[in-house]
Structures are given as structure tokens and as C-alpha cells.
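In what follows, a single structure is set out as C-alpha cells and then discussed.
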Amino acid sequence: MNERKPVLNFFAVSIFPEMFKIFCSFGIFKKALEKKLIGFQAINLRDYTTDKHRTTDDYQYGGSHGMVMKVEPFFRFYDAFVEKYGEKPTVILPTPKGRLFNNELAMELSKKGNLIFFCGRYEGIDERISVLVDYEVSIGDYVLSGGELPAMVMMDAISRFVPGVVGDFRSVQEDSITMGLLDYPHYTRPEEFRGLRVPEVLLSGDHKRVELFRLKESIKLTALRRPDLFLKKDFTKQEKMAILEILRELLDGAQ
Ligand code: SAM
């Protein structure tokens, strides 16, 4: 029988490969691995060292505090990978100096076959790693102690764009940001909790009204919280109609 091969394989190269165990043991990512929609391997960088102490970092040239990760073990892993798979992978370097990660990049990366994350620690990896790197990516304007959490964040977001990973792909399409608008608010039972009621329209069973309500909420939230997204958005006719209705409601409320 032909075994299914994942369309997207993640590899994380790290001195703390154990960190990925929990990430792979829960939720959508775990199910996707079980269904072989995606693949994942945590690689111990120390397996690619050659000295007795399995050294992966050293003092930096020019002085200054903080250790730097040595470049040779990463190159050794890369060479072994190319030899084993016969093709060049796409290499991502998580770094606060990289381009900011977003949904567009997640979608783009979901179409690559083999994605490797080089996880830095200390002051980062020796600059010469850049020869192997396709994408330098930051997950936000703050500094973490290692590239493992950024790699997990990216793998989670990227895998959602692999067909079949999220049961109902509509929910991926409707997620915040994906359509250029923030997601509308969601409610579940009970209808009333401590005096807080679910908006009446959601109980009406009128799908058209529900759809319009959700669209208006998305538009309002985006305009208020993320004017940058709102100004960038190429609104559809339906969305423009919803904006008109929001304005009408505002005018009615003001009278
Ligand atoms: N000296 C580095 C700098 O200022 O750019 C920071 C190094 S940081 C302490 C160690 C590692 O954590 C980095 O090599 C990178 O892999 C990861 N890292 C930290 N913050 C990150 C972020 N915002 N996005 C992606 N990776 C990050």
C-alpha cells in the first residue's frame, strides 16, 4: 500500500529539540501530523557537532558580552539534508531583525515542500548563516531567548493553510486578517449569562441578516482597531453596502 506523504515537512534545528514535544502533542497540529498532512522533525543541533563537548556556541570576534552560535553544525545539517533528500529546502531564520511574519507570508510558505527553521540562542547565529537562509523572519517587535517559540508560532500559522489541516477551510478564510478584516465576535450557549445577552440577530435564524451583522461587526472592529488594514482594503460591493448601512445606523442614532 502507498503511504501518504505529507505535502509540507517542517524541520526545526535547535539545541533544545525537546521543546517541540508538547507543541506536537495537542490540537490541530497533532491531528495534521497523525493524518500525514504535514510532517515534523526536531533536529538536535549537537548531533552535527564534531568535538567531544558537542559545542554549538563560542565567544564573539571583536569582543562584547554574549555567546554566538557556531555556524558549522548548521552547515553540516544542511549538507546532510541536501544529500538525503536530493533537493534544497527553504530555510527560515527566526530573528528580531527579519521581516515581520504575517498571514500572507504564512500562506506563501505553506506552498513550499520542506521548511527548515534554524533556531538561534544567545546573541544569535554567526552571520555567515545567511548564505543558507531564504527568509529572515521576526514574529514581533520584542526579543525572545530563542528561535524555538517563533518557529512553533510560524509552523502553527503556516500549517493552517495546508488543505485538510483545519477541518472547515471556511474558518481559515474567515479568520482575522485573512480577508483583510478582523474576525467578527463569536458566541455560544447560554443565550444569557449574568445579564449579558447574545445579540438577538444571531438567534433569528435569518442567515442573510446574520451574515450582514457579522460583516458590519468585522468592518467596525477593523476600522477602529486596525485602521492600517481598513485603509489597505479593497472593499467588495457587499462590504461597501455594509459600510453604508453602518453610516445610516450612526446617523439614525445621532438624531
Ligand atoms: N541579539 C539578537 C538581536 O538583538 O537581534 C537577539 C538574539 S535572541 C536573544 C536569541 C534568538 O531568539 C534569536 O537568534 C532568534 O532566533 C530568536 N528570536 C528572539 N526574538 C525573536 C523574534 N521577535 N522573532 C523571531 N525570532 C526571535
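The values are calculated or read from the model by the stated rules, or taken from the named source; none is laboratory data. The model shown is predicted, which means the values in this text are computed figures rather than measured ones. When we count neighbours, we look across all protein chains shown, and the Cβ atoms used for this are built from the backbone with ideal geometry, even at glycine.
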Residue that is at pLDDT below 95 and of a type in the set (D, E, K, R), where the choices are Glu239, Glu174, Glu245: Glu174
Check on Glu245, without any contact (Cβ under 8 Å) to a residue 40 or more places away in the chain and not hydrophobic (A, V, I, L, M, F, W, C): yes
Top-ranked residue of region 104-134 - restricted to ones that are touching a helix residue (DSSP H, G or I) at 6+ places or on another chain (Cβ under 7 Å) and polar (S, T, N, Q), ranked as surrounded by the most Cβ atoms within 10 Å (Cβ to Cβ): Ser110
Helices (runs of 4 or more DSSP H) wholly inside region 190-255 containing at least 3 residues that are out of contact with any Ser or Thr (no Cβ under 7 Å at 6 or more places or on another chain) and closer than 16 Å to Glu174 by Cα: 207-225
Matching residues, region 135-179, being within 11 Å of the ligand (Cβ to nearest atom), surrounded by fewer than 19 Cβ atoms within 10 Å (Cβ to Cβ) and part of a loop (DSSP other than H, G, I, E, B): Gly140, Asp141, Tyr142, Val143, Leu144, Ser145
Filter result (in a loop (DSSP other than H, G, I, E, B) and in contact with a Lys or Arg (Cβ under 8 Å, 6 or more places away or on another chain)) within region 1-15: Glu3, Arg4, Lys5, Pro6, Ile15
Positions within region 197-242 being free of Cβ contacts under 8 Å to residues at least 24 places away in the same chain, under 20 Å from Thr178 (Cβ atoms) and surrounded by fewer than 10 Cβ atoms within 10 Å (Cβ to Cβ), in sequence order: Asp228, Leu231, Lys237
Failed criterion for Arg128 (all others in (1) under 17 Å from Ser14 (Cβ atoms); (2) in contact (Cβ under 8 Å) with a residue 40 or more places away in the chain; (3) within 15 Å of the ligand (Cβ to nearest atom); (4) of a type outside the set (S, T, N, Q) hold): (1)
Matching residues in region 63-114 - criterion: being assigned to a loop (DSSP other than H, G, I, E, B) and within 14 Å of the ligand (Cβ to nearest atom): Ser64, His65, Gly66, Met67, Lys70, Val71, Phe101, Asn102
